[in-house]
Amino acid sequence: MTALWVGLAAVLGALIRFAADSWFARRQRPGDVSFPTATLLVNGAGSFLIGACFALLTRGALDSGGYPVAAAGLAGGLTTFSSWTVAALTLWMDRRYLAAAGNLAANLVLGVGAAAAGRLLFS
């Protein structure tokens, strides 16, 4: 039964990511290769969620069945490693080296910081 809930939560996470991608895409000009802001934001939100879930699990406020639903399901469906890496590669191949490096650094720093914040706030 847990696997079903993880799958449903992953669908919800993917739909939220799709909505964020669509919202940002509607606000840029056709052909504009801008900074992948939507990917950065969903990765940060997912990292915060996983940090919070880990803290709740370790203090007993989230059971071992709810953790995979929230972490692997919702956060896993929301976050996107593949989109992050393709965006960095695309920026690099477009010779936007600073933007590519900024994308990589911003996702790492925000991701770790958001996970730490979630863990600290919910510990």
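The values are calculated or read from the model by the stated rules, or taken from the named source; none is laboratory data. Source: prediction; values computed, not measured. Cβ sites come from the backbone with ideal geometry, for glycine too, and all protein chains shown count toward neighbours. Accessible surface areas use protein heavy atoms only, side chains included; no ligands, DNA or RNA. Shrake-Rupley method; radii C 1.70, N 1.55, O 1.52, S 1.80 Å.
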(message) Please give me the summed charge of the neighbours of ASN43: other residues whose Cβ is under 13 Å from its Cβ, Lys and Arg +1, Asp and Glu -1.
(response) 0
(request) Just report the Cα centroid separation between the range 3-47 and the range 96-123, whole Å. (result) 16 Å
(message) Would the range 10-72 count as rounded, prolate or oblate if I go by the C-alpha gyration tensor, calling it rounded below 1.5 in a/c and otherwise prolate when a/b exceeds b/c, oblate otherwise?
(response) prolate
(message) Kirkwood Rh over alpha-carbon pairs of the chain, then Stokes-Einstein at 4 °C and 1.567 mPa s: what D in µm² s⁻¹, rounded to an integer?
(response) 85 µm²/s
(request) Please say if the range 37-109 is rounded, prolate or oblate, where rounded means a/c under 1.5 for a ≥ b ≥ c the square roots of the C-alpha gyration tensor eigenvalues, and otherwise the choice is prolate for a/b larger than b/c and oblate otherwise? (result) prolate
(request) At 7 Å along the Cα-to-beta-carbon direction for both ALA116 and ALA101, put a label point, then send me their distance in nm to one decimal. (result) 2.2 nm
(request) Just name one of LEU121, ALA20, THR58: the one whose Cα is farthest towards the positive end of the charge dipole of the chain (beta-carbon charges, Lys/Arg +1, Asp/Glu -1). (result) ALA20
(message) For TYR97, what accessible surface area do you get with a 1.4 Å probe? Give it in Å², rounded to 10.
(response) 110 Å²
(message) Taking 8 Å as the Cα distance limit and 6 or more residues as the minimum spacing, I'd like the relative contact order of the chain as a percentage.
(response) 40 percent
(request) Please compute the Cα-Cα pair-distance distribution of the range 77-116 with 10 Å bins starting at 0, giving whole percents from short to long. (result) 31, 50, 18, 1
(message) At 1.4 Å probe size, what's the solvent-accessible area of SER64? Round to the nearest 10 Å².
(response) 100 Å²
(message) I'd like the accessible area for TRP23, computed on protein heavy atoms only with a 1.4 Å probe and all protein chains in place. Round to 10 Å², please.
(response) 110 Å²
(request) Quick one: pull the percent of accessible area on the range 23-123 belonging to carbon and sulfur, 1.4 Å probe, ligands and nucleic acids left out. (result) 69 percent
(message) Tell me which DSSP H helices of the chain clear both cut-offs, 24 Å or more of axial length from alpha-carbon atoms and a mean Kyte-Doolittle hydropathy of at least -1.0.
(response) 2-26, 37-58, 97-121
(message) If DNA, RNA and ligands are ignored and the probe is 1.4 Å, what is the ranking of THR58, THR80 by accessible area, most exposed first?
(response) THR58, THR80
(request) Could you calculate the contour length gain from SER64 to LEU108, that is, 0.36 nm times the residue separation minus the distance between their Cα atoms, to one decimal place in nm? (result) 13.1 nm
